[in-house]
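All remarks here apply to the structure that follows.
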Amino acid sequence: MEKTTVAIIGGGVLGVGMLRDLSMRGVKAILIEEHDLGFGASSGYPGLLHSGGRYALHDPATAKVCAGENAIIRKIGRHCVQETAGYFIRLPEDDPGYEEKWVTACEATGIPLAEASLKDAHRLEPNLTVRAAAVYKLPDAAIDVFRLCRQNALSAQKYGGHALPFTAVTGIVHTNAHVQGLRIRNNLTGQFDTVCCDFIINAAGVWGGKVARLAGISLDITLTRRTLIYINHRLTNRIINRLHQPAPGDTFVPYDSMTILGTAYSPAEKPADFVPTTEEVVDLINTGEVLFEKLPYYPILRTCTEIRPRYRAAPGAAARETHRDFVMVDHSQEGLHGFASVIGGKLTTYRLLAEKITDFICGKLSIKSPCRTAQEPIIDIP
Ligand SMILES: Cc1cc2nc3c(=O)[nH]c(=O)nc-3n(C[C@H](O)[C@H](O)[C@H](O)COP(=O)(O)OP(=O)(O)OC[C@H]3O[C@@H](n4cnc5c(N)ncnc54)[C@H](O)[C@@H]3O)c2cc1C
């Protein structure tokens, strides 16, 4: 039987971010992940470290947070980041009025952008359509999520944190309205065990509702399918976003020798609704080839569908919203102390969300220890 102060359920980027933060603050913590680290939405992500440009016009608050975290992650996790930079491209058929408003919004949000000459853009990105009418450069970057998850876990380990991959949480133990611990099963050996703890944080992503039910708590989560295509060619050296109202098929992320094209959206039936449809793939190619005409001629290496969760609060339900697409629910308000769930967020903002949740947990446990994850590199750089 293991004893710890905090148990984290879920080894996605949010879970490992919390494990690192708690461990650096001297709080004893264990993370339990049913599969390998990064198994869920974290690995179905196109690897785009947002500059904030995509959100500047419609969600300036999120854009500002992305801009700040983009700068921090490039500093603390630079061995996970490819400094590709990003281009936002307006085509002749896109509204120039939108471009004007977007430039003003980026400037107001503090996102560094610079207009690039079309000549330079075509020299640096020869596959880009010659129809491009305006090009802006922003500090978007590509990020290796698997490395990010692994290195957060290793960094936590340095401070005493402990990640248990291939281990499923099968039960939540509580008495007199207080959490006592978890029942876990090692998926490699089939062996069952117990973890005693004072606080449990449910960071199980789309499976968050299933995990909450282990404690008899209902968590209403809506699910959205997100489909990506991996093209077997590095079509672009920079992240490319089309400069118009964000839409499916308008983002290209270079990843080593591949390009990831996203994203098609549709409602999901279940957390494991993982099979891409032909229609989604064809739609992505059709919209994507407007920016890269040669796109249909390159082989598709793989397609991938992942599910993103969004919390749907019942009328009158307690929720602490830290960002527009992220919610933390403190289940003490439903009668179970020492249990909270976190749902949503973005990979770009994972560190900040982990900091907010860790502040909350430390507050509950009367631990006063400041966050240092924005200052200290994830791994030691000699
Ligand atoms: C297609 C797609 C595109 C995206 N695009 C962007 C983008 O451009 N920019 C951006 O910033 N963000 C983007 N995101 C969002 C980002 O990827 C997610 O916000 C982030 O990865 C969520 O991480 P998480 O740790 O909350 O959840 P997850 O990564 O889903 O982790 C949850 C983990 O919990 C584990 N688990 C579940 N049940 C149990 C159990 N009983 N016991 C133990 N473990 C359990 C699962 O195995 C899983 O590994 C995108 C997401 C998707 C899917």
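Search the range 343-359 for residues that are at positive phi and pair each with any residue that is part of a helix (DSSP H, G or I) when their beta-carbon atoms are under 8 Å apart and the residues are at least 6 apart or on different chains.
Sorted first by the residue in the range 343-359, then by its partner, the pairs are Gly345/Leu14; Gly345/Leu353.
Among Asp250, Asp193, Asp198, which is within 15 Å of the ligand (Cβ to nearest atom), of a type in the set (D, E, K, R) and not assigned by TED's automatic domain parsing to the domain that holds Gly97?
Going through Asp250, Asp193, Asp198 in turn, just one is within 15 Å of the ligand (Cβ to nearest atom), of a type in the set (D, E, K, R) and not assigned by TED's automatic domain parsing to the domain that holds Gly97: Asp193.
Could you list, in sequence order, all residues of the range 222-237 that are under 20 Å from the mean Cα position of the chain (by Cα) and surrounded by fewer than 24 Cβ atoms within 10 Å (Cβ to Cβ)? Please lay out each step first, then the result.
Going through the range 222-237, the residues under 20 Å from the mean Cα position of the chain (by Cα) turn out to be 222-230.
Hits for the range 222-237 are Thr222, Leu223, Thr224, Arg225, Arg226, Tyr230.
Consider Arg78 against the criteria (1) farther than 30 Å from Gly190 by Cβ; (2) within 11 Å of the ligand (Cβ to nearest atom): it satisfies all of them except one. Which criterion is unmet?
Only one criterion in (1) farther than 30 Å from Gly190 by Cβ; (2) within 11 Å of the ligand (Cβ to nearest atom) is unmet by Arg78, namely (2).
Report the residue count in the range 9-28 for those that are outside any helix (DSSP H, G or I) and under 19 Å from Arg308 (Cα atoms).
Start the filter on the range 9-28 by keeping residues that are outside any helix (DSSP H, G or I), which leaves 9-12, 25-28.
Now narrow it down to the ones that are under 19 Å from Arg308 (Cα atoms): 9-12.
Qualifying residue count for the region: 4.
Out of all the residues in the range 59-66, is one or more of a type in the set (A, V, I, L, M, F, W, C), near the ligand (Cβ under 8 Å from one of its atoms) and within 15 Å of the chain's Cα centre (by Cα)?
Kept after step one, since they are of a type in the set (A, V, I, L, M, F, W, C), are these residues of the range 59-66: 61, 63, 65-66.
Then drop every residue that is not near the ligand (Cβ under 8 Å from one of its atoms), which leaves 66.
From what is left, the residues that are within 15 Å of the chain's Cα centre (by Cα) are 66.
The answer is yes, given that some residue of the range 59-66 is of a type in the set (A, V, I, L, M, F, W, C), near the ligand (Cβ under 8 Å from one of its atoms) and within 15 Å of the chain's Cα centre (by Cα).
Could you say which residue among Glu83, Glu2 is acidic (Asp, Glu) and under 26 Å from Glu306 (Cβ atoms)?
Only one candidate passes the filter, namely Glu83.
Read through the list (1) modelled with pLDDT of 95 or more; (2) crowded, with 16+ Cβ neighbours inside 10 Å, then give the number of the only condition that Glu115 fails.
(2)
Residues in the range 24-40 that are buried (at least 24 other Cβ atoms within 10 Å of the Cβ) and either outside the structural domain of Leu347 (by TED's automatic domain parsing) or of a type outside the set (A, V, I, L, M) (or both): how many?
3
Only one of Met18, Met24, Met1 is over 13 Å from the mean Cα position of the chain (by Cα), modelled with pLDDT under 95 and not acidic (Asp, Glu). Can you tell me which?
When all the criteria are applied, what remains is Met1.
Hey, among the residues in the range 159-207 that are among the charged types (D, E, K, R) and free of Cβ contacts under 8 Å to residues at least 24 places away in the same chain, which one's surrounded by the most Cβ atoms within 10 Å (Cβ to Cβ)?
Arg185
Given the conditions (1) within 11 Å of the ligand (Cβ to nearest atom); (2) touching a residue at least 40 places away in the same chain (Cβ under 8 Å); (3) closer than 30 Å to Lys364 by Cβ, report the number of the one that Asp21 does not fulfil.
(1)
The values are calculated or read from the model by the stated rules, or taken from the named source; none is laboratory data. As the structure is a prediction and not an experimental result, all values here were calculated from the model. Using ideal geometry, Cβ is built from the backbone for each residue, glycine included, and neighbour counts are taken over all protein chains shown.
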